[in-house]
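Engineer: Quick one: the structure is below, questions incoming.
Nothing in this text is a laboratory measurement; each read-out follows from the coordinates by a stated rule. Not measured: the values here are computed from a predicted model.
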């Protein structure tokens, strides 16, 4: 069962890596983020592959315990790629004020420094492994941990990994958490938050590794098998990272579809039946369809701009506010009533309002879309639910429900 799970995880990681590589070559600008993502996914897939017993047996025929060395080295590469993804996504703060070109150059230099440090760690650990006693290269070891006290080279070999993992996981936890706080998109924020949680889980893994190593050195080993517990903790870290990557990859598309459907009530009122070319098309991506539907709503609202009555808006807002609704909801209802009145005036050929109300929102796209969704909800009458769907409610007098 465990082997089947590892094989499926490796296959999934290879598929994700292939998707990133195809996207990287399709992007003419050779995105640095895509490149680091491809390296990270390929390294995770390789780690899972090296955990398969047939692969371990085939590699260890060259020399004993080489599979353990390769697995630990590729783990360092994977975590370094996770750090460089953060650097490539967030940029270098010191270079942001110097212009886009300086920021890009500074980011690439920082990424190169991280990979240079990774290469140094890999080379030093390989040399320590080669310098280990002959028993390490001739006797198969399921785990190096019981031999840390016997072989100082193996202890230094593991200590380098612990130090590097601590640096990477601490940066992941702090960096992705800070980056998530700056995001307004829900899926992106959740994906980055999960990345930070993976860093926190990784710090727990590092703490366990360090405690196990110190306990072995002191002659009081911790209960359990270090390799089994360590692999389980690393699998939790990898699973969290894969879930975070899936949310970052699929989340914006799903959110765009949901927002696109939420704009439909307003679109049906102001844009669905208008003359002229319709901008929407099923062949477009969900994000593109969302942009086009938003623009159709803006065009429809602009077409009615001369018929917005200020007195109608004020009367609708007063009634909604007096009925106990909060101010944002009352404003959305007043906007919806004004739009319906403008539609009727436009269809019947009523003369323009004097003076017309100028209240179309302007600002960030997210705020404008939020306003359109709120007005669309106000335009959509709530259907009464069947009595069996809700708890019995105390009857409210009719005079209390109507302003």
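Engineer: Give me log10 I(q)/I(0) at q = 0.07, 0.15, 0.16 Å⁻¹ for segment 2-253, Debye formula, one equal scatterer per alpha-carbon, no solvent.
Structural biologist: -0.26, -1.13, -1.26
Engineer: What's the Cα-based Rg to Rh of segment 315-355, Rh via Kirkwood? Working shown, then result.
Structural biologist: On the way: Rg = 12.1 Å, Rh = 11.0 Å.
Value, to two decimals: 1.10.
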